Amino acid sequence: MPRIPVKLVSWEEITEWSWGLAKVIEKSGYVPDVVIAIARGGYVPARLLCDFLGIENLLSIQSQHWTEAAKKGERAIIKFDYSVDLTEYRALLVDDIIDTGESVILAKEHISNSWRPKDLKIAALQWISSVAKIKPDFYYMEVKEWVWFQYPWTRLEDVTQFLKRIIESSYREEGRVSWTLEDLNKKFIEWYDIAVGGRYIAEAIEVLAKRGLLKAINGSYIYTATTM
Ligand code: AMP
């Protein structure tokens, strides 16, 4: 059984969903003249919406809540609080997914109060309606049951976190310190049930080794917590 529900999202799906979202916005009659991407998850959808809706103006705000995969930070914060004058613009605030909704609520409040656009609407590829504190003006997909969507732009970051959790909890639960690449691949599928490809697993192991969590010894990886 997977430890948390995860769904792998492909680049093709992202393109498809962004087209779908662009059509929803177009049909509504709302014509934004600036797109604001919520960093970091909104970057790719925002850029695609600029392309699909023919919008030249793109800027960004970093409203951050989830600092690691499927693990909530305490509260949302605005990083890099700069100011721009949007009084002449109709804005579209874009994120990948609205989960708790806290990041988008904070970004919207900040933009309304400090950037003051003529109009401001929210668009997201996905909206988790069962948990979100806000409903976006435009969305492509309503998600009823909570899932962690493993987007292509956070693949290495997520795989690294997921492997780290496997290694740390196997040490806590069974005292395990030694892993082969094959073991890690197998456990990854057992825990998360997604096929990310060998490249990501190998690169994530490299990241963990660089951070000092794993050491490669005679073809095995040793969890270093015991020696630290
Ligand atoms: P939230 O403030 O809870 O609506 O989420 C803020 C950001 O965290 C989202 O824009 C995503 O980038 C990321 N995130 C939150 N929940 C998920 C999820 N279920 N799957 C993938 N990414 C998520």
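Okay, here's what the table says:
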{"quantity": "Antiparallel DSSP beta bridges within the chain, as percent of all bridges there, nearest 5", "calculated": "30"}
{"quantity": "Amide H contacts under 5 Å for ALA39, placed H, 5+ residues apart", "calculated": "ILE61, GLN62, SER63"}
{"quantity": "14 Å cut-off, amide nitrogen to a point 7 angstrom out along SER114 Cα→Cβ, residues in segment 22-48", "calculated": "39"}
{"quantity": "Computed log₁₀ I(q)/I(0) - Debye formula, equal Cα scatterers, no solvent, segment 154-227, q 0.12, 0.16, 0.22 Å⁻¹", "calculated": "-0.27, -0.49, -0.97"}
{"quantity": "Amide H partners (placed H, <5 Å) of ILE134, local residues excluded", "calculated": "none"}
{"quantity": "Relative contact order, percent, segment 8-57 [alpha-carbon distance under 8 Å, six or more residues apart]", "calculated": "42"}
{"quantity": "Dipole-positive endmost among VAL34, ILE105, TYR89 within segment 6-150 (Cβ charges, Cα centre)", "calculated": "ILE105"}
{"quantity": "Neighbour-count order for ILE201, ILE97, fewest beta carbons within 10 angstrom listed first", "calculated": "ILE201, ILE97"}
{"quantity": "³J(HN,Hα), Karplus 6.51/-1.76/1.60, whole Hz, each residue of segment 50-59, x for Gly, Pro", "calculated": "4, 5, 6, 9, x, 10, 8, 8, 9, 9"}
{"quantity": "Computed over segment 154-227: relative contact order in percent, which uses C-alpha pairs under 8 Å that are six or more apart", "calculated": "39"}
{"quantity": "Calculated over the chain: convex hull of Cα atoms, volume per residue (Å³)", "calculated": "136"}
{"quantity": "Cβ charges +1 (Lys, Arg) and -1 (Asp, Glu), total dipole of segment 36-128, debye", "calculated": "80"}
{"quantity": "Exposure proxy ranking, count of Cβ atoms within 10 Å, fewest first, for LEU93, LEU156", "calculated": "LEU156, LEU93"}
{"quantity": "From phi via Karplus (6.51, -1.76, 1.60), per-residue ³J(HN,Hα) for segment 196-208 in Hz, x at Gly/Pro", "calculated": "8, x, x, 4, 5, 5, 4, 5, 5, 4, 4, 4, 5"}
{"quantity": "Alpha-carbon gyration tensor eigenvalues x 5, square-rooted, for segment 88-138, Å", "calculated": "20, 11, 7"}
{"quantity": "Cβ-placed point charges (K, R +1; D, E -1), dipole of the chain about Cα centre in debye, nearest 20", "calculated": "480"}
{"quantity": "For the chain: relative contact order, % (alpha-carbon pairs under 8 angstrom, 6 or more apart)", "calculated": "21"}
{"quantity": "Computed [θ] at 222 nm, deg cm²/dmol, the chain (DSSP H ≥ 4; -39,500 (n - 2.57); rounded to nearest 500)", "calculated": "-11500 deg cm²/dmol"}
{"quantity": "Table column - 3J(HN,Hα) (Hz), segment 86-96, Karplus curve with 6.51, -1.76, 1.60, x for Gly and Pro", "calculated": "10, 4, 9, 10, 9, 10, 10, 8, 10, 9, 6"}
{"quantity": "Long-range HN-HN contacts of SER129 with modeled amide H, under 5 Å", "calculated": "VAL143"}
{"quantity": "Fewest-first ranking of ILE217, ILE38, ILE167, using other Cβ atoms within 10 Å as the exposure measure", "calculated": "ILE217, ILE167, ILE38"}
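Each reported figure results from applying straightforward, stated rules to the coordinates on display, with no laboratory input. Just so you know, these numbers come straight off a predicted model, no measurement behind them. Virtual Cβ from ideal backbone geometry, glycine too; neighbours counted across all protein chains shown.
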